Amino acid sequence: MSTSLAGKPGDAPLGDLDEWDEFLEGRYKEGKTQEEFRVYDATATPSVAEFYRLNHEHQTLDYVLAKEKLYFSLQKGQKTIWEAAEFLNTLVDDSDPDTDLTQIEHLLQTSEAIRRDGHPRWMVLTGFIHDLGKCLCLYGEPQWGVVGDTFPVGCGWSKDIVFPEYFDKNPDRHRPELQSKYGIYEPNCGLEKLHMSFGHDGYIAEVMKPYLRDESLYMLRFHSFYPWHRHGAYDYLCNDKDRSMLEWVLKFNQYDLYSKAHTKPNLQELKPYYDELFAEFLPPTLAW
Ligand SMILES: [Fe+2]
Ligand SMILES: [Fe+2]
């Protein structure tokens, strides 16, 4: 499994990044009660629990500011969308090559499900690109710094973040100025002003910021912010724009969680449609 090449040994408790997606799928299975959510958390596979333990321990404000400085300046070179997708595809899960889909096939499943339901073209594009930021693994970032539910740093943690007990070991716990309800932020300052725990969401949103509309950027930036979009947490940091964008993020989340199937999309057949789609919204190459 090549994802475990990233980071130091012990930074990769998940067999592969999809294991986190599968955890989310089980956790947010349609029709689940609050009680069932808690049972699912307690009985999560040990690797998922270990993954969140590392994530919650290491995602501090200083960690996030350093990673934002490193990656949000987009100094990793110019790539087309296809090149970025091919690069991500080198994260191959070789545990079961017959049934597992490649990363590109996963992206196409999401975007094709959005397309089938007649949503606007910018949303189909968003479906295709939303996980391209997982290439952070290939830059050497550990799994816990690439995937996982996201949350704001620099203010008190919500109890709606999965496995909140693991924040006990986070050094920010000993910085009272970061532990109050608002921390370093102003009431209702808006989600765009927050420093979110670092991961693939924020990175792909920065890459796409010059080109895509707010609805799309919200889907990209906040698609793993489950405490907010699924649990209603952090409303006291939200402004009216965030509240109006929430419906789009939720619309998108349905496809992110539930469009996985084992049929392989036919890339060669679909390629002309996507070539045109990329050209409609994006320049030929982008800074990553
Ligand atoms: Fe994602
Ligand atoms: Fe996804």
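The values are calculated or read from the model by the stated rules, or taken from the named source; none is laboratory data. This structure is a prediction, so every number in the text was calculated from the model and none was measured. In this analysis, Cβ positions are derived from the backbone assuming ideal geometry, glycine residues included, and neighbour counts consider all displayed protein chains. The area values use the complete protein model at the heavy-atom level, side chains included, leaving out ligands, DNA and RNA. Shrake-Rupley method; radii C 1.70, N 1.55, O 1.52, S 1.80 Å.
Add -39500 (n - 2.57) for each DSSP H run of 4 or more in the chain, then divide by its residues: what number comes out at 222 nm, to the nearest 500 deg cm²/dmol?
-13500 deg cm²/dmol
Hey, what angle do you get for helix 18-27 against the long axis of the chain, alpha-carbon based, 0 to 90 degrees rounded to 10?
The angle comes out at about 60 degrees.
Computed over the Cα atoms of the range 49-172, what is the ratio Rg over Rh, Rh following Kirkwood?
Using Cα coordinates only, the ratio equals 1.01.
Tell me, what is the per residue accessible area of the range 43-82 in Å², probe radius 1.4 Å?
48 Å²
Direction-averaged shadow area of the convex hull around the Cα atoms of the chain, nm²?
Mean shadow area of the hull around the Cα atoms is 14.5 nm².
Could you give the nm distance between label points at Lys32 and Gln268, where each point is 7 Å from its Cα heading toward the beta carbon?
For the pair Lys32/Gln268, the computed spacing is 4.0 nm.
Quick check for me: using +1 on Lys/Arg Cβ and -1 on Asp/Glu Cβ, what's the dipole size of the range 86-177 about its Cα centre, in debye to the nearest 20?
Dipole size: approximately 520 debye.
To test your reading of the geometry: what angle, between 0 and 90 degrees and rounded to tens, separates the Cα axis of helix 46-58 from the longest principal axis of the chain?
70 degrees
Hand me the tally of lysine pairs in the range 109-231: alpha carbons under 28 angstrom apart, and the pair either on different chains or 8 or more positions apart.
Lysine pairs, 8 or more places apart or on different chains, close enough: 11.
Using 0.36 nm per residue of separation minus the Cα-Cα distance, give me the extension gain between Trp82 and Ser158 in nm, one decimal.
23.6 nm
By how many nm would the segment from Asn188 to Lys251 lengthen if fully extended, with 0.36 nm per residue of separation less the alpha-carbon distance?
20.4 nm
Using only alpha carbons, build the gyration tensor for the range 158-204 and give me the equivalent ellipsoid semi-axes, biggest first, whole Å.
Over the Cα atoms of the range 158-204, the ellipsoid semi-axes are 19, 17, 11 Å.
Relative to the longest principal axis of the C-alpha atoms of the chain, give the angle of the C-alpha long axis of helix 267-281, reported between 0 and 90° and rounded to the nearest 10°.
That helix lies at roughly 70 degrees to the long axis.
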